Amino acid sequence: MSNYDERFEELYVIYTLAMRKLEAELNNLFDAYKFNHPNDDIVDHSKSRIKSFESATHKLKKRNYEVTPENMEKNLCDMVGFRVVCPFTDDVYKVVRIIKNSGLFEILNENDYIENPKESGYSSYHLDISIPIRFKGENRMVCAEIQVRTMAMDLWATLDHKLRYKLSKDIQEELNPEFLARAKDMTRFDYRMQCLREEIMDMQNDESMEKAKKMVKKR
């Protein structure tokens, strides 16, 4: 194995350490929130990944960078990724606040694609963060991307990727209006489910108030 290959191998070890630490830190944050708010399930599921060498190489070349470990580390902040999928839109913002207020990570950049969706219709909340690790007795800061989205946003993104994958640019452009229309359908669905959740919570609060009033009268 050449020294060049060894440098990439070492970099992927660093990414693995960063991913494991990020997983642990975020899961601890979510567990603590769940303990303090047992009736507020803000996270449906989460998953992490390290971008494959093939995918990273493609992205570097697309951005006109030479494929080197230095360029990979410096110019690709999404080599380590963590996705949090939430039931409702307001849960997304709760998760984002938890992460930002934790003080565990340096926030390098953030993009609210829920408030400002991409032209394709893609919606999610992105946080680029820096996470500290120890490697070979030295402190290293590793960039990672956290995506927070609703279940509906995740479904759209997954299906959009599957349908677009390997399509020619011309076909994609022809189908873009349809993809965008389905994204808007998902946005409306998310909004209505959020409203329905709030209506249910108001009804439950009213019901609790009525029960409390009856209990007071009985006394």
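Worth pointing out:
- The trypsin sites (Lys or Arg not before Pro) found in the stretch 121-201 that occupy coil by DSSP, while having at most 14 further C-beta atoms within 10 Å, are Lys136, Lys166.
- Restricting the stretch 1-107 to GluC sites (Glu not before Pro) in coil, as DSSP defines it, with at most 13 other Cβ within 10 Å: Glu66
- Cα-Cα over 30 Å, subset of Lys59/Lys162; Lys74/Lys136; Lys51/Lys118; Lys47/Lys162; Lys94/Lys166: Lys94/Lys166
- Within the stretch 118-177, the chymotrypsin sites (Phe, Trp or Tyr not before Pro) that combine a DSSP coil assignment with at most 14 other C-beta atoms in a 10 angstrom radius are Tyr165.
- Cα-based convex hull, the stretch 29-89, per residue volume (Å³, whole number): 111 Å³
- Remark: the chain carries a charge dipole of roughly 620 debye about the Cα centre, counting +1 on each Lys and Arg Cβ and -1 on each Asp and Glu Cβ.
- Sites Ile171 and Asn64 - FRET efficiency at Förster radius 25 Å, r taken between beta-carbons, to 0.05: 0.50
- Cα→Cβ-extended label distance, 7 Å offset, between Cys195 and Asn28, nm: 4.2 nm
- With only the Cα atoms considered, the chain has a convex hull volume of 145 Å³ per residue.
Taken together, the values in this text are just the output of simple stated rules run on the coordinates, not laboratory data. Please read all numbers here as calculations on a predicted model, not as lab measurements. Heads up, the Cβs are rebuilt from the backbone with ideal geometry, glycines too, and the neighbour counts pull from every protein chain shown.
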